[in-house]
Amino acid sequence: MLNQVLDYARTQRDRYLQDLLEYLAIPSVSAQPEHARDVKMAALWLSEHLRDAGLRAEVMATDGHPVVYAEWSGHDHHRPTVLIYGHYDVQPAEPFELWQSHPFQPGIRDGYIYARGADDNKGQHLAHVKAVASYLRCEGTLPVNVKFLIEGEEEIGSPNLGKFIAAHHDLLSCDCVMISDGALFTLTQPALTYGLRGLAGFEVQVRCLDRDVHSGHYGGNVQNPAFALAHILASLKDAHGRVTVPGFYDDVRPLSEEERRAIARVPYGEADVMRETGALQAFGDPAFTVNERKGARPTLEVNGMWSGYTGPGSKTIIPATAHAKITCRLVPHQQPEKVIRLVEEAMRAATPAGATITFSEERGTPASLVELDAAEVQAAVRAAQATYGNPPFYVLEGGSIPVVHEFQTQLGKPIALLGFGLPDDNIHSPDERFAVACYEKGIEASVRFLAEL
Ligand code: BES
Ligand code: MN
C-alpha cells in the first residue's frame with residue numbers, strides 16, 4: 001500500500017509541481033497592508049486545493065489574516081490524529097533588485113524553484129497536502145486522521161493564533177502535531193529539531209529636536225539623535241558580541257556536558273556560516289561554539305535603523321529623530337517580557353543628555369524544547385531515515401515558530417519538527433528557493449510518516 005502511494009505520487013510530480021508554482025505566484029506578504037488581498041487569495045487557493053485533495057476545508061476568520069483549516073471527512077475515532085501546521089504567509093521580498101528572477105513569478109533553474117515562500121513555507125506544507133492527496137486518490141482512505149492548520153501570520157509573530165487555538169480547542173484536538181518549517185542538512189542527511197529559540201522585539205525612537213534643522217545653523221549646539229542612538233546601541237554589546245545588558249543571561253538554560261558533546265557531533269561550523277552568508281568570519285561569544293550559539297544562547301540584534309536623509313545627493317541637516325527595530329532571540333526559560341524590560345532599561349540608562357528615548361511595538365514569544373522519545377516523534381524519525389537514507393541529527397534550531405509554544409501550553413501533545421528544505425535555500429533573503437527534489441522527498445517523507453504513525 002505504501003509503495004503504491006509513493007508510486008502514484010511520482011506519476012503526479014509534474015502536476016504537483018505546477019500547483020506549487022501557482023501557489024507561489026500569490027504574493028501573500030503578511031507584513032505589508034497593500035498585500036492583504038493577496039494574503040486572502042492564498043488562503044482561498046489553499047483551501048480549494050485541500051478540497052481537491054479530498055478534505056473538508058474552510059477559511060476561518062481571526063482578528064488578523066485568516067487561518068485555513070481542513071480535516072479528513074473519514075475521521076475514525078480508533079485511529080490517531082495528526083495536526084499538520086504550516087504558514088501560507090511569506091516574508092517581504094525586498095530588495096527586489098537583488099533577485100535574479102521576480103520573487104512572485106516562480107521559475108525553475110538547475111533543479112530549484114525560485115520564489116519568495118518556496119521553502120518558507122509554501123513548498124513544505126504543500127508537500128504534506130500532496131502526500132494526503134496521493135493517499136486518498138490511490139487508496140481512498142488515510143491510515144490516520146489528518147487535520148491541517150495553515151496560518152497567515154507566522155512571519156509577523158502569529159499575534160492572533162493563540163486566541164484562535166483557545167477558541168477552537170475541540171476542532172484542533174489531536175494526538176500529535178507535525179511541522180515542516182526548517183531544513184535538512186543535505187538530501188541524504190535529515191534533521192529533527194528538538195528546540196527552537198523564542199523572540200522578544202520592540203522599536204526604539206530617539207528624539208533630540210522638534211524637526212530636522214540646518215546642520216550649519218545649529219551644528220555644534222544640539223545633540224544629533226543618530227549619534228545618540230549609535231552610542232546607545234554600541235553600549236549593549238562588548239567587542240566579542242557578548243550582550244552587556246545587566247541580567248540578560250540570568251535565566252539562560254545551562255548546557256550539560258552531555259548535551260554539549262551531542263551538539264558538537266552536528267557537522268556545522270564557522271566555515272559553513274561563512275560559505276552560506278558571505279561573512280568574513282564567524283563572530284560571537286568565544287566561550288561557545290557555532291552550534292551552541294545558534295541554538296542555546298540568546299542574541300540581541302538590530303534588524304533595521306533609520307534617521308535623517310537617505311535619498312540621492314546630500315541634505316545638510318541634523319535629523320530630529322532616529323529609529324531602530326530590535327529583536328532578541330531567546331532560549332528556554334527566558335521570559336520575553338523580562339528581556340524586553342532589561343534591554344529597554346539598559347538603553348534608557350545609556351541615553352545621553354539632550355536625547356529622549358521611547359519604545360513601542362513590544363512583542364514576544366518564548367523558546368521551546370520538544371520531547372524526542374514520544375512514539376509519534378519517533379514515527380517521524382523512521383520516516384526520515386527511510387526517505388533520506390540516514391537517521392536524522394537532533395538539532396537546536398536558531399529560528400522561531402511561535403505556535404510551538406502555544407501548542408505545548410494549550411494542546412500538550414508531542415510535536416515533530418521535521419524540515420524539508422536545505423540550509424542554503426535563502427529564506428528571508430533574495431533568491432529564496434526550494435529544490436524540486438526537496439519537494440518530492442518531502443511528499444515521500446510525509447507519506448511514510450502517515451504510514452508509520
Ligand atoms: N521557518 C522559519 C523558522 C525557522 C528558521 C526554522 C530557520 C528553521 C530554520 C519561520 O518562518 C520564521 O521565520 N519565523 C520567524 C518568527 C518570528 C517572526 C516570530 C523567525 O524566526 O524570525
Ligand atoms: Mn520565515
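Laboratory data are not the source of any read-out in this text; all were calculated from the coordinates shown. Not measured: the values here are computed from a predicted model. Here Cβ is always computed from backbone atoms with ideal geometry, including for glycine, and neighbour counts include all displayed protein chains.
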Practice problem: Provide the per-residue ³J(HN,Hα) series for region 345-359, in order, calculated from phi with Karplus coefficients 6.51, -1.76, 1.60 and θ = phi - 60°, each as a whole number of Hz, with x at glycine and proline positions. | Solution: 4, 5, 5, 4, 5, 8, 6, x, 4, x, 10, 10, 10, 9, 10
Exercise. Calculate, for LEU98 and GLU371, the FRET efficiency according to 1/(1 + (r/R0)^6) with r their C-beta to C-beta distance and R0 41 Å; round to the nearest 0.05.
Key: 0.50
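Can you bin region 128-191 into rounded, prolate or oblate? Criterion: square roots of the alpha carbon gyration tensor eigenvalues sorted a ≥ b ≥ c, rounded for a/c under 1.5, prolate for a/b above b/c, oblate for the rest.
It is oblate, given that a/c is not under 1.5 and a/b is not larger than b/c.
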Exercise. Sticking with the crude label model, points 7 Å out along Cα→Cβ, report the distance from LYS237 to THR409 in nm, one decimal please.
Key: 2.9 nm
Exercise. Take every DSSP beta bridge whose two residues both sit in the chain, then give the antiparallel share in percent to the nearest 5.
Key: 70 percent
Quiz item: Add -39500 (n - 2.57) for each DSSP H run of 4 or more in the chain, then divide by its residues: what number comes out at 222 nm, to the nearest 500 deg cm²/dmol?
Solution: -10000 deg cm²/dmol
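Could you line up SER30, SER360, SER307 from fewest to most neighbouring Cβ atoms inside 10 Å?
Placing the least packed residue first, the sequence is SER360, SER307, SER30.
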Exercise. Name the shape class, rounded, prolate or oblate, that the alpha-carbon gyration tensor gives for region 24-162, where a ≥ b ≥ c are the square roots of its eigenvalues, rounded holds for a/c under 1.5, and otherwise prolate holds if a/b is larger than b/c and oblate otherwise.
Key: oblate
Quiz item: Out of residues 5 or more away from ALA416 or on other chains, whose amide H comes under 5 Å of its own, with H placed 1.01 Å from N in the peptide plane?
Solution: VAL177, MET178, ILE179
Quiz item: In region 310-351, if every C-alpha pair distance is counted and binned at 10 Å from zero, what percent goes to each bin?
Solution: 19, 36, 22, 18, 6
Exercise. Using θ = phi - 60° and the Karplus relation 6.51 cos²θ - 1.76 cosθ + 1.60, list the HN-Hα couplings for region 78-85 in order, rounded to whole Hz, with x at every Gly or Pro.
Key: 7, 10, x, 10, 10, 9, 9, 10
Exercise. Set the Förster radius R0 to 25 Å, insert the Cβ-Cβ distance between ALA320 and PHE359 as r into 1/(1 + (r/R0)^6), and round the FRET efficiency to 0.05.
Key: 0.90
Quiz prompt | Spacing of the two label points (7 Å from each Cα toward its C-beta) at GLU34 and TRP306, in nm | solution = 1.3 nm
Quiz item: So how far apart, in nm, are the two label points at GLN281 and ALA167 if each is 7 Å from Cα heading toward Cβ?
Solution: 5.3 nm
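Can you give the Rg to Rh ratio of the chain, both from alpha-carbon atoms, with Rh computed by the Kirkwood formula? Before the final figure, lay out the partial values.
Values: Rg = 23.4 Å, Rh = 23.4 Å.
My calculation of the ratio gives 1.00.
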Quiz item: Tell me, in nm to one decimal, what length is gained between HIS217 and GLU139 on full extension, where the rule is 0.36 nm per residue of separation less the Cα-Cα distance?
Solution: 20.1 nm
Quiz item: Near LYS325, which lysines are there with a Cα under 29 Å away, not counting those fewer than 8 places off in the same chain?
Solution: LYS40, LYS122, LYS163, LYS237, LYS294, LYS315, LYS338
